[in-house]
Amino acid sequence: MTTQTRTSMPPPVRPAHLLAPPGVYAPQYDTELLTRALHREGIDEGTSVLDLGTGTGALAVAAARRGARVTAVDISWRAVLTARLNARLSGQSVTVRHGDLRAALPKGSYDLLVSNPPYVPSPAPLPRRGAARAWDGGPAGRTLVDHVCDAAPRALRPGGVLLMVHSALCDADATLERLAGLGMQAEVTDREFIPFGPVLRSRRAWLRRSGLLRDDENREELVVVRAELR
């Protein structure tokens, strides 16, 4: 497992043609980082893509623009409707379905799985409703990160690729180890340091007490994990 590092910080993402109503995760630095990783993949009209936790549909639309056949999934009906509308406004064909990341997926159906799951460590378990459902990832931030890891080998064809972004607070090494244990060759391909957003700023004291954050840390590191099914 190898690591490549890219440390230049891009400007925040504000796509002009994507709607992001209240309660749907708006594209941010993590979306931009994952989109850049997606564009490095050999996507064309023969590529089948699954976007887990699609939110506004930003990643799904980006893949569809490359000609891919895209299926997007989200547990939030508001996100599902938003992604459908954004795909239509962007002139792209995307199949958007309502469902849980833990739901059964068609086995071996996709060439590429992309996901920007909720990954912010939270004092409480996953919320069942409300805006925080778009970012809270449980006490270690890994509840849905682990679900995406576990889903990838089932959903991907041999040679298929998982691209996932999450915070380094969730332990990138744990992600690589979990994916390796599932038969995938995994590496961190991108890293970016960004300022703390309002959620992390509000949880700084709790993160320090939990041992997830050092006293001198004032920026969050984002990572993109790329894993290929052997």
Among Asp146, Asp216, Asp44, which one moves the most in a GNM of the chain with springs linking Cα atoms closer than 10 Å? Asp216
For region 129-210, averaging the sequence separation of alpha carbon pairs under 8 Å that lie six or more residues apart and dividing by its residue count, the contact order in percent is 26 percent
With label points built 7 Å along Cα→Cβ from the Cα atoms of Trp77 and Arg157, find their separation and express it in nm. 3.5 nm
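How much length is gained if the chain between Asp215 and Arg128 is pulled fully straight, taking 0.36 nm per residue apart and subtracting their Cα-Cα distance, in nm to one decimal?
Working: separation 87, 0.36 × 87 = 31.32 nm, distance 3.13 nm.
Contour length minus Cα-Cα distance gives 28.2 nm.
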Under 8 Å for C-alpha pairs, at least 6 residues apart: give me the relative contact order for the chain, rounded to a whole percent. 21 percent
Enumerate by residue number the trypsin sites (Lys or Arg not before Pro) in region 180-216 meeting two conditions: DSSP loop (anything except H, G, I, E, B), and at most 14 other Cβ atoms within 10 Å of the site's Cβ. Arg214
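Could you do me a favour and compute the accessible area per residue for the chain, 1.4 Å probe, result in Å²?
Working: 10680 Å² over 230 residues.
Here the residues of the chain average 46 Å² of exposed surface.
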Restricting to DSSP H runs of at least four residues, report the calculated mean residue ellipticity at 222 nm for the chain, -39500 (n - 2.57) per run over all residues, nearest 500 deg cm²/dmol. -8000 deg cm²/dmol
Return the distance in nm (one decimal) between the two label points of a simple spin-label model at Val199 and Asp100, each offset 7 Å from Cα along Cα→Cβ. 2.0 nm
How far apart, in nm, are two points set 7 Å out from the Cα along the Cα-to-Cβ line at Arg230 and at Ser93? 3.7 nm
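Heavy atoms only, probe 1.4 Å: what % of the accessible area of the chain goes to carbon and sulfur, would you let me know? Write out the running numbers ahead of the final one.
Values: 5430 of 10680 Å².
Answer for the chain: carbon and sulfur cover 51 percent of the accessible area.
The values are calculated or read from the model by the stated rules, or taken from the named source; none is laboratory data. Given the structure is predicted, the values throughout are model-derived calculations rather than measurements. Virtual Cβ from ideal backbone geometry, glycine too; neighbours counted across all protein chains shown. Just the protein is used for accessible areas: all its heavy atoms, side chains included, with ligands, DNA and RNA removed. Shrake-Rupley method; radii C 1.70, N 1.55, O 1.52, S 1.80 Å.
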